[in-house]
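Take a look at the structure set out below.
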Amino acid sequence: MNQYLKILLFGILVFGGCEDEPDSFEVSKVPSTFTKKVLIEEFTGTWCGYCPYGASALQSLIDENEGNIIGVGVHYQDPLAINQGNFLDSLYINETFPSGMVDRVPYQDDVTIGSWIWNNIAQSQLSASTFCGLALKSVVNGNSATTEVHVAFNDSLFDGSISDYRLTVYLIEDGLLFDQRNYDNSVTDSPYFGLGDPIANYEHNYVLREALSDPLGDQLSTLVLTSENERIKSYEVDISSYNKNKLSIVAFVNYVGLSSIEHEVMNVQKCDIDGFQDWD
């Protein structure tokens, strides 16, 4: 084999891995069934001395459920708060920190609930069947990212004529360092004992940075409908103010009822800002 062919083959082997790049992936054919995943939106704030417990509970649920629980940290009245967080806090009448919503389903007529209840509701939601699924393809180009969201339905379980289902898309960021109040700094049996109050440079993860869709989601009728009963919509976002290595996209289909306790997240999906997640 001559030297030119050796170099050519080496280049193919080394650089032929471009299938790892998101723009080389293609969303597969819509499956007949979908894996149910659960969204937990945690209400938190750097001023809240008990909120590290909420963050810890969320992280434990994510770690224990092998990617099937997806978390979002919704900050309120702190340096990480955004208008979407204020909107959610007001709409769902949150009065306690930390608290959270598990697929936005109510517990004893309250959608925002304490972290000790999250797992029970999450496991119930995970065991339920779902009629919809999502696939994501996100590509970074300079200071902007474009995310293509695919939504599909199982016709045997879904009648699109009867309800208001929407697509909501979030930009979230990990690894944000801000001081965090700690009410248990002097409590000897607390995991936060002696860490200071505030805890300096506390790491905040899954932080909601922007809502790319309408605050309550874009109606599915506005998405492009394909022959496979698949709906597609693209979202573009300026990421110049963020650490792109720490960014992710979270997209979910949510039902919007007549009141806030009649809302529900039907399914959710997540991918890196420069990544890909097929149907599952």
note = Taking the stretch 97-126 and the residues there that are without any contact (Cβ under 8 Å) to a residue 24 or more places away in the chain and part of a loop (DSSP other than H, G, I, E, B), the one that is surrounded by the fewest Cβ atoms within 10 Å (Cβ to Cβ) would be Q108
query = in contact (Cβ under 8 Å) with a residue 12 or more places away in the chain and touching a Gly at 6+ places or on another chain (Cβ under 8 Å), is that true of L88?
reply = no
ask   = Does L167 satisfy being under 15 Å from the mean Cα position of the chain (by Cα), farther than 21 Å from I62 by Cα and in a strand (DSSP E or B)?
value = yes
key: Subset of the stretch 35-54 [within 26 Å of Y255 (Cα to Cα) and either modelled with pLDDT under 95 or in contact with a His (Cβ under 9 Å, 6 or more places away or on another chain) (or both)]   = F43, T44
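Rundown of residues vs (1) over 18 Å from L58 (Cα atoms); (2) free of Cβ contacts under 8 Å to residues at least 60 places away in the same chain; (3) not in a loop (DSSP other than H, G, I, E, B), yes/no style:
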site	(1), (2), (3)
N182	no, no, no
D189	yes, yes, no
F193	yes, yes, no
P215	yes, no, no
I232	yes, no, yes
E236	yes, no, yes
S240	yes, no, no
N254	yes, no, yes
V268	no, no, yes
query = Out of (1) within 21 Å of E203 (Cβ to Cβ); (2) modelled with pLDDT of 95 or more, the odd one out for I121 is which?
reply = (1)
Flag for G85 being within 19 Å of G45 (Cα to Cα), modelled with pLDDT under 95 and buried (at least 17 other Cβ atoms within 10 Å of the Cβ) = yes
note = Within the stretch 55-76, residues over 15 Å from the mean Cα position of the chain (by Cα) and either basic (K, R) or modelled with pLDDT under 95 (or both) come out as none
task = Take the stretch 225-241 and flag every residue that is touching a His at 6+ places or on another chain (Cβ under 6 Å) and aromatic (F, W, Y).
result = none
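The values are calculated or read from the model by the stated rules, or taken from the named source; none is laboratory data. Nothing here was measured: the structure is a model prediction, and the numbers come from that model. Every residue, glycine as well, gets a Cβ built from its backbone with ideal geometry; the counts of neighbours run over all protein chains shown.
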